[in-house]
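Remarks on the structure that follows.
Please treat every number below as a calculation from the coordinates, not as lab data. Everything numeric here is computed off the predicted structure, so don't read it as measured data. Because the Cβ atoms are built from the backbone with ideal geometry, glycine has one as well, and the counts that use them run over all protein chains shown.
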Amino acid sequence: MKDKSILITGGAGFIGSNFIEHFLGKYQNTKIVNIDKLTYAGELSNLKQIANNENYEFIKGDICDVQLLEGLFKKYNFSGVIHFAAESHVDNSIKNPDAFINTNVYGTYNLLNIAKNHWMLEPFLFKEGCENNRFHHISTDEVYGTLGEEGLFTEKTPYAPNSPYSASKASSDFIVRSYYHTYGINAITTNCSNNYGPKQHDEKLIPTIIKKALEGKNIPIYGNGRNIRDWIYVEDHCKGIDLAFCKGKAGETYNIGGKNERDNLYIAHKICEILDEIRPKKEKYSKQIKFVKDRPGHDFRYAIDASKIENDLGWKAIENFESGILKTIKWYLTKYEK
Ligand code: NAD
């Protein structure tokens, strides 16, 4: 029997699967139970390296399923939850917001409520042995809305979500906040900027650019390509989550960002440039870049001030965009060239 069990939600997705690998590699005395609905975005193959690890168990299920979650809490007596599961693609939230409200809002509430009932006798009174149990909510910088040319998002920036995706994440952040203030549950939230790296779904910007480039197809770039995101290599995010989960202060939120602001056009050109070198062909890959109609409500710029997690918990991003993107491209080459 392991010292403790923690519940990971959405661990078959991009960040969750990278996190599980990181966590199992680092901690030998914790069992991880991963619940994932395996939507179109969940891939069991993301977890093939650890599928047989004795500290790991997979459950196919929905975080909106009350009975299933109650049963899991009873069976495993989780001392922690790290909640990744979400509908995560802004474009899909514009076409079909329903699933975003269900999973991101109701699902988060459901999970939190079951954890609270399992860990607490009444507001601010934990059951014996549950005093240090923690709920860690994984969220996004998109809850802050958009920035102009200047400024950074801090933990004090007012929420101003602009897409159904970011609005559903903002709602879930507020529910977590309310459970800390009303019931005293030991909850923290991390809000991270745009991640990239191995195992991201093909629909997202960077895998799309690499895939289309290799296929010789048009590389679609929204609007004029000048939208800026603060890119973070997924492993750096995972290390930040680990630190915040283990050492963060209850009730706090921590922004995590790579200090690597790049616009979409730069990203497309950088990837093309690297492919020109490592997979040369007659024509430059950048010839395939084509501008397409902008996404409605497309936020102009996101950028994170990560000084709180850096100063309070000693976190720092290791990769810059140029080092991380090279590793990322190499990983996708093995996937797409199979
Ligand atoms: P993803 O879409 O790759 O993975 C989401 C996972 O959740 C999938 O495996 C999916 O099957 C699962 N899932 C969806 N609905 C579910 C449900 N109802 N019950 C159980 N499982 C369900 O997403 P990701 O990029 O890995 O993002 C993970 C988390 O991090 C999300 O909460 C997202 O909002 C947040 N986040 C992502 C980024 C980013 O750049 N990708 C940045 C900041 C924050």
Quiz item: Which one of LEU38, ASN18, ILE8 is farthest out on the positive end of the charge dipole of the stretch 1-46, using unit charges on Cβ (Lys, Arg +1; Asp, Glu -1) and the Cα centre as origin?
Solution: ILE8
Practice problem: Neighbouring Cβ atoms within 10 Å as the yardstick, rank THR39, THR328, THR182 fewest first. | Solution: THR182, THR39, THR328
Self-check item: DSSP bridge pairs, the stretch 184-307: antiparallel proportion in percent, nearest 5
Solution: 20
Quiz prompt | Charged-residue dipole, Cβ positions (Lys, Arg, Asp, Glu), the stretch 246-330 about Cα centre, Debye nearest 20 | solution = 420
Quiz prompt | Paramagnetic reach from HIS89 (point 7 Å along Cα→Cβ, amide N under 18 Å) across the stretch 1-24 | solution = 10-17
Quiz item: So in the chain, what percent of DSSP beta bridges are antiparallel if you round to the nearest 5?
Solution: 15
Practice problem: State log₁₀ I(q)/I(0) for the chain at q = 0.08, 0.10, 0.12, 0.13 Å⁻¹ as given by the Debye formula over alpha-carbon point scatterers of equal weight, solvent excluded. | Solution: -0.37, -0.58, -0.84, -0.99
Exercise. List the relative contact order of the stretch 1-138 as a percent without decimals, with contacts defined as Cα pairs under 8 Å and 6+ residues apart.
Key: 26
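Please report, in debye to the nearest 20, how large the charge dipole of the stretch 24-164 is about its Cα centre when each Lys and Arg carries +1 at its beta carbon and each Asp and Glu carries -1 there. The partial results should precede the final answer.
Details: 12 positive and 18 negative charges, 111 e Å.
Rounded to the nearest 20 debye, it is 540 debye.
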Quiz item: Under a no-solvent Debye model with one identical scatterer per Cα of the stretch 88-161, what's log10 I(q)/I(0) at q = 0.17, 0.18, 0.24 Å⁻¹?
Solution: -0.86, -0.90, -1.09
Quiz item: Which whole-number percent gives the relative contact order of the chain, counting Cα pairs below 8 Å spaced six or more residues apart?
Solution: 17
Quiz item: Taking only the alpha-carbon positions of the stretch 24-113 and ignoring solvent, what does the Debye formula give for the base-10 log of I(q)/I(0) at q = 0.11, 0.13, 0.18 Å⁻¹?
Solution: -0.36, -0.49, -0.90
Practice problem: Specify which residue in the list ILE138, TYR27, ILE82 is farthest towards the positive end of the charge dipole of the chain, using unit charges on the beta carbon of Lys, Arg (+1) and Asp, Glu (-1), about the Cα centre. | Solution: TYR27
Self-check item: Assigned charges on the beta-carbon of Lys, Arg, Asp, Glu; the chain dipole about Cα centre (debye)
Solution: 800
Quiz item: Taking Cα atoms, how many degrees apart are the long axis of helix 264-278 and the longest axis of the chain, rounded to 10 and kept between 0 and 90?
Solution: 70
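Would you mind ranking TRP119, TRP331 by Cβ crowding within 10 Å, fewest neighbours first?
TRP331, TRP119
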Practice problem: Set Lys and Arg Cβ to +1 and Asp and Glu Cβ to -1, take the dipole of the chain about its Cα centre, and tell me which of CYS246, TYR183, ASN260 lies farthest positive. | Solution: ASN260
Quiz item: How do ILE241, ILE114 line up, fewest other C-beta atoms within 10 Å first?
Solution: ILE114, ILE241
